[in-house]
1. Looking at the range 140-172 only, could you name the residues that are assigned to a helix (DSSP H, G or I), of a type outside the set (Lys, Arg) and within 16 Å of Ala83 (Cβ to Cβ)?
2. Before we move on, is Val82 in contact with an Asp or Glu (Cβ under 9 Å, 6 or more places away or on another chain) and either among the acidic types (Asp, Glu) or assigned to a helix (DSSP H, G or I) (or both)?
3. Among Leu147, Leu209, Leu136, which is the only one that is surrounded by 12 or more Cβ atoms within 10 Å (Cβ to Cβ) and at pLDDT below 95?
4. Hey, any hits in the range 32-51 for a residue that's in a helix (DSSP H, G or I), closer than 22 Å to Ile105 by Cα and small (Gly, Ala, Ser)?
5. For the structure I just gave you, tell me whether Ala189 is part of a helix (DSSP H, G or I) and within 21 Å of Asp65 (Cβ to Cβ).
6. State whether one or more residues within the range 163-172 are within 22 Å of Ala77 (Cβ to Cβ) and surrounded by fewer than 17 Cβ atoms within 10 Å (Cβ to Cβ).
7. What pairs come out if I take residues in the range 121-147 that are assigned by TED's automatic domain parsing to the domain that holds Ala195 and pair them with residues that are acidic (Asp, Glu) and part of a helix (DSSP H, G or I) whose C-beta lies under 8 Å away, six or more apart or interchain?
Amino acid sequence: MRDDVREFKRALILKAAAELFFTQGYARTRLDDLAVRLQMSKASIYDHFSGKAEILSTICAASVDASLDVVRRVAGAGLDPVAQIGAVAHGFTGVVIDNHQQIAIHAREFAHLPEAGQERIIATQRAFDALLVEMLEAGRAAGRLTLADPRVTALALAGMIIWVHNWYRPDGRLTRARIAEGMVRNALAMVGAEAEAGAVLERLRFSGLV
């Protein structure tokens, strides 16, 4: 029970910090501001984090870790190459939408991260890219995907989806489901499999991956 309470408080701190970093920037946010927002003492914040830099590192790492989890889960799901790309696109889009504020903070405030935090995030991003490249290479070798350069295609696909954080609005006309479906169709079009998008989406729904 004590661990659950601690995790709950830690999550509250991260949520409030993300809101402040997003709206007023990391440099302009003080721990005093965070304490006021949370109605708790600075000592309570220090009980969970060593300082503002660790809070920023944790916020920035969360969406990167979640993205890697998506591609690892898809890689182990036994899907055919076309469905793999569709599942990665759908799952990654969900991560970006669910963490759009955190990703915006990551993009704006990366330079403020401690060196160790930067290196950890870069390593995780490279692991994500490497797995996606492997999927694309395998799909091309099997004759199921059409693409010239797996590395360039992986970067283009990930870049297309990560950009969603810039324009997604929770109260906008485009729902989470519609955006994710659109990204699946776009991703499959990039690898010459657009005609299979409908079947892939249906299979992913049946498999529980979407």
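1. Filtering the range 140-172 for residues assigned to a helix (DSSP H, G or I) gives 140-141, 150-162, 164-167.
Right, trim to of a type outside the set (Lys, Arg) and you get 141, 150, 152-162, 164-167.
Passing the criteria: only Leu157.
2. Working: in contact with an Asp or Glu (Cβ under 9 Å, 6 or more places away or on another chain): yes; either among the acidic types (Asp, Glu) or assigned to a helix (DSSP H, G or I) (or both): yes.
Judged against the criteria, Val82 is a match.
3. On the way: Leu147 fails: at pLDDT below 95; Leu136 fails: at pLDDT below 95.
None of the others qualify; the one that does is Leu209.
4. Taking every residue of the range 32-51 in turn, at least one turns out to be in a helix (DSSP H, G or I), closer than 22 Å to Ile105 by Cα and small (Gly, Ala, Ser).
5. Details: part of a helix (DSSP H, G or I): yes; within 21 Å of Asp65 (Cβ to Cβ): no.
No.
6. Here is the first cut: in the range 163-172, the ones within 22 Å of Ala77 (Cβ to Cβ) are none.
There is no residue in the range 163-172 that is within 22 Å of Ala77 (Cβ to Cβ) and surrounded by fewer than 17 Cβ atoms within 10 Å (Cβ to Cβ).
7. Thr124/Asp65
The values are calculated or read from the model by the stated rules, or taken from the named source; none is laboratory data. Please read these numbers as outputs of a predicted model, since none were measured by experiment. No Cβ is skipped: glycine too gets one built from the backbone with ideal geometry, and neighbour counts run over all protein chains shown.
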